[in-house]
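Reviewing the structure listed below.
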Amino acid sequence: MQPLQSPEGEITATHPTRWFLRFLAVIVLILPGLALTAFALQIPAAQAKDQAAAIAVGLAAVALGILGFVQQMRSQVVVRTDGIERWGLRGKLWALRWADMIEMRYHAVKMRVYYFIPAGTIINVKLTDPNGKKHRLPSNMKGMELLAERIADQQTAARFPEARAALDRGEEVRFGKALIVDREKLSARKLFGGYKSCPLSDIEKVAVEGGFLRIRQRGKFLGFGGGSVGAIPNIFLFLRLLDSLVARATTIPQDRDFALRHHVG
């Protein structure tokens with residue numbers, strides 16, 4: 001396996017976990033455990049067996065609650081100028097430099113109550129290193145939207161020069177099984193296998209709507225291709241490469257907004 005260097009740059013941000021899970025540990029485990037233990041101590045000595053069992057269950061709940069509370073207290077993501085570190089109960093769990101993030105998969109789901117009452121957004125970010133090992137960021141980090149945006153910006157900036165150089169050499173750049181880009185055309189996977197191609201000059205519109213990437217080809221009624229944002233690795237690198245390849249500004253509207261906050265479904 002290829003040895004990876006840990007980030008050593010200056011710390012620019014720290015993202016701890018939200019308080020919700022700590023509050024949940026107290027409400028669901030610690031307080032009920034203490035109540036059960038207190039109740040067990042009132043059981044008559046004649047029922048010592050039942051008393052011991054109840055005390056054991058109560059103390060186990062308290063211990064699990066404390067463990068969960070401490071774990072959430074120590075869980076955080078540290079952002080450095082050259083990468084990120086993931087910390088947990090056992091200390092530093094993993095660390096990756098921006099250039100070592102071979103793949104980034106981003107998926108955001110806007111939660112709603114009864115289909116119309118906003119209830120927040122769950123953002124999932126998964127990173128793959130050069131050895132193929134996957135690293136997932138917990139979705140309950142404080143400022144998760146900003147954290148995901150920072151990672152997307154830095155990872156895209158780090159991977160762009162290499163990808164653009166490959167295109168300039170006449171090579172193709174793949175984005176999972178969904179999309180293939182070269183200097184002349186964009187290829188999208190067909191429903192039943194294989195690929196269809198569209199010259200870059202024929203791309204009429206690229207949009208991210210409701211968590212899906214949609215690509216339209218000039219003169220075609222049906223969409224050319226795309227798919228779920230979460231199913232396309234390095235989706236933001238794809239969008240930046242496409243911008244750099246399309247010469248005419250009118251081909252892909254310049255006023256579109258690909259900020260992460262809009263990539264939700």
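Key figures for this structure:
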{"read-out": "Debye, to nearest 20: dipole size of the chain, +1 on Lys, Arg Cβ, -1 on Asp, Glu Cβ", "value": "600 debye"}
{"read-out": "Which of V173, V229, V70 has the fewest Cβ neighbours within 10 Å, and the rest in rising order", "value": "V70, V173, V229"}
{"read-out": "Choice from S187, S244, S228 showing the highest fluctuation, given a GNM over the chain with Cα pairs closer than 10 Å", "value": "S244"}
{"read-out": "Extension gain, E145 back to L24 (0.36 nm per residue minus Cα-Cα distance, nm)", "value": "41.3 nm"}
{"read-out": "Highest-MSF residue in the chain out of A99, A165, A157 [GNM, Cα springs under 10 Å]", "value": "A165"}
{"read-out": "Cross-link table K133/K185; K134/K190; K133/K196, entries beyond 29 Å C-alpha to C-alpha", "value": "K133/K185; K133/K196"}
{"read-out": "For the chain, the longest site-free run once GluC sites (Glu not before Pro) in DSSP loop states with at most 16 other Cβ atoms within 10 Å are removed", "value": "11-170"}
{"read-out": "The chain - mean residue ellipticity at 222 nm from DSSP helices (-39,500 (n - 2.57) per run, n ≥ 4, rounded to 500)", "value": "-10000 deg cm²/dmol"}
{"read-out": "Ascending count of other beta-carbon atoms within 10 Å, so fewest first, for W19, W87, W98", "value": "W19, W87, W98"}
{"read-out": "Kirkwood hydrodynamic radius (C-alpha pairs) into Stokes-Einstein, the range 20-74, 37 °C and 0.692 mPa s, D in µm²/s", "value": "287 µm²/s"}
{"read-out": "Dipole moment magnitude, nearest 20 debye, the range 1-102 about Cα centre, only Lys, Arg, Asp, Glu C-beta charged", "value": "160 debye"}
{"read-out": "Expected-Rg normalisation [2.2 N^0.38 Å, Cα atoms] applied to the range 115-228", "value": "1.27"}
{"read-out": "Candidates R136, R169, R18, ranked by Gaussian network fluctuation over the chain, Cα under 10 Å, top entry", "value": "R169"}
{"read-out": "Total charge dipole magnitude, the range 39-155, about the Cα centre, Cβ charges on Lys, Arg, Asp, Glu only, Debye to nearest 20", "value": "100 debye"}
{"read-out": "Ranked L64, L96, criterion: other C-beta atoms within 10 Å, fewest first", "value": "L64, L96"}
{"read-out": "For the range 1-25 versus the range 29-80, the gap between their alpha-carbon centres in whole angstrom", "value": "28 Å"}
{"read-out": "Which labelled figure in [x] 1.00; [y] 0.96; [z] 1.13 is Rg/Rh (Cα atoms, Kirkwood Rh), once derived from the coordinates", "value": "[z]"}
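No lab work stands behind these numbers, since they all come straight from the coordinates. The structure displayed is predicted, hence computed values, not measured ones. Glycine gets a Cβ as well: all are built from the backbone with ideal geometry, and neighbour counts include every protein chain shown.
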